[in-house]
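The values are calculated or read from the model by the stated rules, or taken from the named source; none is laboratory data. This is a predicted model, so every value here is computed, not measured. Here Cβ is always computed from backbone atoms with ideal geometry, including for glycine, and neighbour counts include all displayed protein chains.
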Amino acid sequence: MLLLLILLISVNPFYEANFTSLAMRSISVFSNPGGLGILPGAECFFAYDPDRLVTGASLANLGIGMTKDDSITYYEVGLGYKLPGAFSLGYAHQFDVKDFDISNHIFGLICSPNRYISIGYKTTIGEKNHMFGGMSIKPLQEYITVSVDLEYEGNDSIFTYYYGAMLRPIQGLTIHFRADEDFNWHAGIGLSLEKIKLAGAYSKADKKFSGGIILSAQSYETLLPKSGDNYGDAFY
């Protein structure tokens, strides 16, 4: 059960949802509840591949999500709060409603001191003792994001790391790559159309495609011509 949960949480067609330092709004669900305190808004996301469905939504500082496949369905409810300055904190409860054999408490933190660096951390306490910590850097702030996450699973003393990069050749278009220490990688593309974001990815390990959509009440950068762009002042 534990390894299955780790797999379900760790792969998403949206690049930002795979790293603790990039969580924001709805993709903070199953990623890092600390992101629920950053740029509060209203949005939802759906991510699907042939084996599973992951969906989540955020409203202001609240978030809720569901992961479902053939053998398990579980939920997460979370809350984030933006502190003065660079820090955002969050808490989430992860559970199932069938056998009640999943009950985890998740605490998350994000620190974004400027537009070039973001640090994320989350720890899970309950059925498992599990930690993620990572950093994202924008060496060329408008064009590339480089990320790394370290994972430690305390029950079985498993240590893993993940790394990736996201390129933005033009506004509203991203190309991304992510891999783990064994070079099990997935690569994909994302499109932003102001209040809609689309993503698709291919996984080497699963040899399968996945896709996702974000519907947001707030505007993201877009491929479409738009005057008076205002995407917020955070790292993102």
*asked:* Out of everything in segment 74-117 that is touching a strand residue (DSSP E or B) at 6+ places or on another chain (Cβ under 8 Å), of a type in the set (D, E, K, R) and farther than 19 Å from N129 by Cα, what residue ends up being modelled with the lowest pLDDT?
replied: K98
*Yes or no: Y236 at pLDDT below 90 and under 20 Å from the mean Cα position of the chain (by Cα)?*
yes
*Would you call T145 touching an Asp or Glu at 6+ places or on another chain (Cβ under 9 Å), surrounded by 16 or more Cβ atoms within 10 Å (Cβ to Cβ) and β-branched (V, I, T)?*
yes
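Residues are listed down the side, and each one gets a yes or a no for (1) basic (K, R); (2) in contact (Cβ under 8 Å) with a residue 60 or more places away in the chain; (3) surrounded by fewer than 22 Cβ atoms within 10 Å (Cβ to Cβ):
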| residue | (1), (2), (3) |
| --- | --- |
| K82 | yes, no, yes |
| A86 | no, no, yes |
| A92 | no, yes, no |
| F95 | no, no, yes |
| H105 | no, no, yes |
| R115 | yes, yes, yes |
| G126 | no, no, yes |
| H130 | no, yes, no |
*Exactly one condition in (1) closer than 20 Å to S203 by Cα; (2) touching a residue at least 60 places away in the same chain (Cβ under 8 Å); (3) of a type in the set (A, V, I, L, M) is not met by I175; state its number.*
(2)
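Out of all the residues in segment 154-168, which are surrounded by fewer than 19 Cβ atoms within 10 Å (Cβ to Cβ) and in contact with a Lys or Arg (Cβ under 8 Å, 6 or more places away or on another chain)?
Listed by number, the residues that qualify are G154, N155, Y163.
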_Here's a check for you: in segment 169-193, which residue that is at pLDDT below 95 and among the charged types (D, E, K, R) is surrounded by the fewest Cβ atoms within 10 Å (Cβ to Cβ)?_
D182
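Considering only strands (runs of 3 or more DSSP E) fully contained in segment 28-90, which possess at least 2 residues that are within 20 Å of A199 (Cα to Cα) and of a type in the set (A, V, I, L, M)? Explain how you work it out, then say what you get.
Working: elements: 41-49, 52-60, 62-69, 73-82.
Result: 41-49, 52-60.
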*Within segment 194-221, which residues are surrounded by fewer than 20 Cβ atoms within 10 Å (Cβ to Cβ), of a type in the set (G, A, S) and part of a strand (DSSP E or B)?*
G200, S203, G211, S216
